[in-house]
Amino acid sequence: MNINKSMITAELTIIPIGTHGTSLSEYIAAAVTALDSNDIKYELTGMGTLIESDNLDKIFVAINAAHEAVFNAGAERVATSIKIDERRDVNKTIKDKITSVTQKLS
């Protein structure tokens with residue numbers, strides 16, 4: 001195993017609870033703004049956010065900022081789920097993973 005190579009992808013889902021309505025987009029926008037402020041690569045999806053870095057601490061700092069941003073936007077309770085996939089044998093980005101599957105579909 002080559003520990004000089006490392007690519008970490010994380011899937012982040014933040015669920016604001018105790019909000020004034022059923023629309024959550026303003027809270028998620030606050031979380032995404034926090035990710036932008038942390039200069040981390042991410043991809044927003046309809047059900048969560050994919051994050052990518054070669055540094056796990058950077059991912060945790062960005063996730064914490066996003067979590068706190070939802071409270072700062074007015075949520076009274078926040079449920080945050082995180083899945084982390086770290087490879088140390090090769091550098092595989094989110095795009096590389098998608099391309100690998102897409103090629104197999106052809």
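The values are calculated or read from the model by the stated rules, or taken from the named source; none is laboratory data. Only a predicted model underlies this, so the values are computations on that prediction, with no experimental measurement involved. As a convention, Cβ positions derive from the backbone with ideal geometry for all residues, glycine included, and neighbour counts pool all protein chains shown. Accessible surface is based on the protein model in full, side chains and every heavy atom, while ligands, DNA and RNA are left aside. Shrake-Rupley method; radii C 1.70, N 1.55, O 1.52, S 1.80 Å.
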Figure the gain on full extension for Thr80 and Asn55 (residue separation times 0.36 nm, minus the Cα-Cα span) and round it to one decimal in nm.
7.0 nm
Across the chain, qualifying lysine pairs (alpha carbons under 24 Å, at least 8 places apart or different chains) come out at 20
Segment 43-106 and segment 7-38 have their Cα centres apart by a whole-number Å value of 11
Round to the nearest 0.05 the FRET efficiency obtained for Lys41 and His20 when R0 = 41 Å and r is the Cβ-Cβ distance.
0.80
Leaving out ligands, DNA and RNA, and with a 1.4 Å probe, what % of the accessible surface on the chain is carbon or sulfur?
52
Relative contact order (percent, whole number), segment 1-87, Cα cutoff 8 Å, 6+ residue spacing:
50
Tell me which GluC sites (Glu not before Pro) from segment 15-106 have a DSSP coil assignment and no more than 10 other beta carbons within 10 Å of their own.
Glu76
Taking amide H positions as placed 1.01 Å from N in the peptide plane, with prolines and chain starts having none, which residues 5 or more places from Val78, or on another chain, fall under 5 Å of its amide H?
Ile17
Residues of the chain: accessible area per residue with a 1.4 Å probe, Å²:
65
Helix 56-72 versus the longest principal axis of the chain: what is the Cα-based angle in degrees, 0 to 90, to the nearest 10?
20
